[in-house]
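Have a look at the structure below before the remarks.
The values are calculated or read from the model by the stated rules, or taken from the named source; none is laboratory data. Computed from a predicted model, the values in this text were never measured in an experiment. Note that each Cβ is placed from the backbone with ideal geometry, even for glycine, and that neighbours are counted across all protein chains shown. With ligands, DNA and RNA removed, areas are computed over all heavy atoms of the protein, side chains included. Shrake-Rupley method; radii C 1.70, N 1.55, O 1.52, S 1.80 Å.
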Amino acid sequence: MDKLLQLFLSFFQVGLFSVGGGYAAIPLIQDQIVNVTGMMTLEEFTDLITIAEMTPGPISINSSTFVGTRLAGPFGAIVCTLGCILAPFIICLVMAYFYYKYRNFSGVQNVLGALRPATVALIGSAGASILVLALFQSKWAGIQLANFQWIEFVLFGVCLFLLRKYKISAIATILGSGAVGTVVYLLKDMVLR
Amino acid sequence: MEEEIRLAGAAQGEEPAQAAKAGYAGKSKREMLWTLFKSMFVLSACTFGGGFVIVSLMKKKYVDQLGWLGEDEMLDVTAITQSCPGPLPVNASVILGYRMCGILGSFVAVLGSILPPMIILSIISVFYNEFRTNHYIAIALKVMRAGVAAVICDVVINLAKNVCKTRRVLYIAMMVVAFVCAYFLNVSAMLIILVCLGIGLCDLCVNLWKKKEA
């Protein structure tokens, strides 16, 4: 019981202080789980991050489920996840209440209007990071032309064309690109061998 | 100038309401909650990559497909979720759920968005070494990034077009500078939003002052 309470409190702090998306949460989780409570070794934690990045879903939910399951079974997973989302849930609910109460005032519109270009830029920046990672297997600063991935480039082009021209669904695009890409890679391996 | 802004504000205020009406006319609250849960579950199960991926998917689903929200509203919600602590997809579900069905909607939307990662991770944690070293999974995850990038690009092209349509040099310049700061200079998203909030407040003061002068 003590362990569950400790897990809950640790992840409550993670949820409360991770401002600015999933990657901000990783050092916090590491601090709580590895340094403060010593519930995991650094090696286990590195594995955890790899797995959390490979699977769908927000990284902090992934890691709280993973830590919870490994330390205290399925019930631990639920406790950690609840701890992680409790504070954000309440804060967002309050923000949503005020947003919908005041959003139609012209002054508020004026201020929110200035936030929209920034949000578009942030989404664009996330997209650019993933695109560069897909095409060059590295971050922007480490681009090498020799690493250019032709298969990903063609896939990206075809997906974008289909999305814009035929408005196919986003989920079909993501899953389809995964399936088609894997088959192409496997065929390439076979031919080269 | 002020008149224009007020008109624009009023138009923006009405637009989502109309769009939303078209989307859920004649639907009971129970059906809405079910649709909310179902769509959040599917989106969350297919979100590979960071939080902004799910924002792009939500925009396509709730703005373009279901017509539940206006595009401006979706951007506002994104800015709010980014300034609150916690995982972005969960925050966005809280606000969207609240918008559609009140507090109950928030619970349902959050449940939908956290269940898939919980189920998947619970299964994987049992045999995570096999999963981590599997060659085919590694390839599939690598190529999937191309598809994810295409989805975000598609959404960003539409959003950027609409920012340009406002014909306000200030907004277009802010978008470009914010992109350069976020992508090339690694400035944190939180800081960018705070600075733009400041610019928005200044803009408001200037407008009010101009109105007083006139």
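Near A:Val19, the amide H atoms lying under 5 Å from its own belong to B:Gly86; only residues 5 or more places off or on other chains count, and H is placed 1.01 Å from N. In the full protein context, region A:129-192 carries 62 Å² of accessible surface per residue, based on a 1.4 Å probe and ignoring ligands, DNA and RNA.
Using the average count of surrounding beta-carbon atoms within 10 Å as a protection proxy, the listed peptides A:160-169, A:129-138 rank, highest first, as A:129-138, A:160-169. Place a +1 charge on the Cβ of each Lys and Arg in chain A and a -1 charge on the Cβ of each Asp and Glu, then give the dipole magnitude about the Cα centre in debye, rounded to the nearest 20. The calculated dipole for chain A is roughly 860 debye.
Cross-link partners for A:Lys167 among the lysines, with Cα-Cα distance under 18 Å and sequence neighbours closer than 8 places in the same chain left out: B:Lys59, B:Lys60, B:Lys61, B:Lys161. Which of A:Pro74, B:Leu185, B:Leu96 sits closest to the plus end of the dipole of the protein assembly as shown, meaning its Cα is farthest towards the positive end, when Lys and Arg get +1 and Asp and Glu get -1 on the C-beta? The residue sitting most towards the positive pole is B:Leu96. Averaged over the residues of B:158-166, the number of partner chain Cβ atoms lying within 10 Å of the residue Cβ comes to 3. Normalised Debye scattering of the protein assembly as shown at q = 0.08, 0.14 Å⁻¹ gives log10 I(q)/I(0) of -0.44, -1.31, counting only Cα atoms as equal scatterers and leaving out solvent. Take each peptide in B:74-81, A:4-11, count the other Cβ atoms within 10 Å of every residue, and average; sorted highest first, the result is B:74-81, A:4-11. Specify whether the C-alpha gyration tensor of region A:34-97 places it in the rounded, prolate or oblate class, a ≥ b ≥ c being the square roots of the eigenvalues: rounded for a/c under 1.5, otherwise prolate if a/b is larger than b/c and oblate if not. Prolate shape, in that a/c is at least 1.5 and a/b is the bigger ratio. What is region A:129-192 by shape, rounded, prolate or oblate, if you read a ≥ b ≥ c off the alpha carbon gyration tensor as root eigenvalues and call it rounded for a/c under 1.5, prolate for a/b larger than b/c, and oblate otherwise? It is oblate, given that a/c is not under 1.5 and a/b is not larger than b/c. Between the C-alpha center of region A:109-123 and that of region A:42-58 there is a gap of 32 Å. For the pair A:Ala146 and B:Lys165, a Förster radius of 35 Å applied to the C-beta separation gives a FRET efficiency near 0.30, rounded to the nearest 0.05. Shielding of peptide A:64-74 by partners, expressed as the average count of other chain Cβ atoms within 10 Å per residue Cβ, is 4. The charge dipole of the protein assembly as shown, taken about the Cα centre with unit charges on the Cβ atoms of Lys, Arg (+1) and Asp, Glu (-1), comes to about 880 debye, rounded to the nearest 20.
The modelled label-to-label distance between A:Glu44 and A:Leu9, using points 7 Å beyond Cα along the C-beta direction, is 2.0 nm.
Counting only other chain Cβ atoms within 10 Å of each residue's Cβ, the peptide A:127-139 averages 6.
Over all distinct Cα-Cα pairs of region A:75-152, the Kirkwood formula returns a hydrodynamic radius of 16.7 Å. Accessible area of region B:13-142 with a 1.4 Å probe: how many percent of it is carbon plus sulfur? Carbon and sulfur: 64 percent of the exposed surface of region B:13-142.
Here the Gaussian network model covers chain B, with springs between Cα atoms less than 10 Å apart; of B:Ile124, B:Ile193, B:Ile54, B:Ile124 fluctuates the most. Within straight-line reach of A:Lys188, meaning a Cα separation under 16 Å, sit the following lysines at least 8 residues removed in sequence or on another chain: B:Lys142. I need the shape label for chain B. Rule: rounded when a/c is under 1.5, else prolate if a/b > b/c, else oblate, with a, b, c from the alpha carbon gyration tensor. Cα axes put chain B in the oblate bin.
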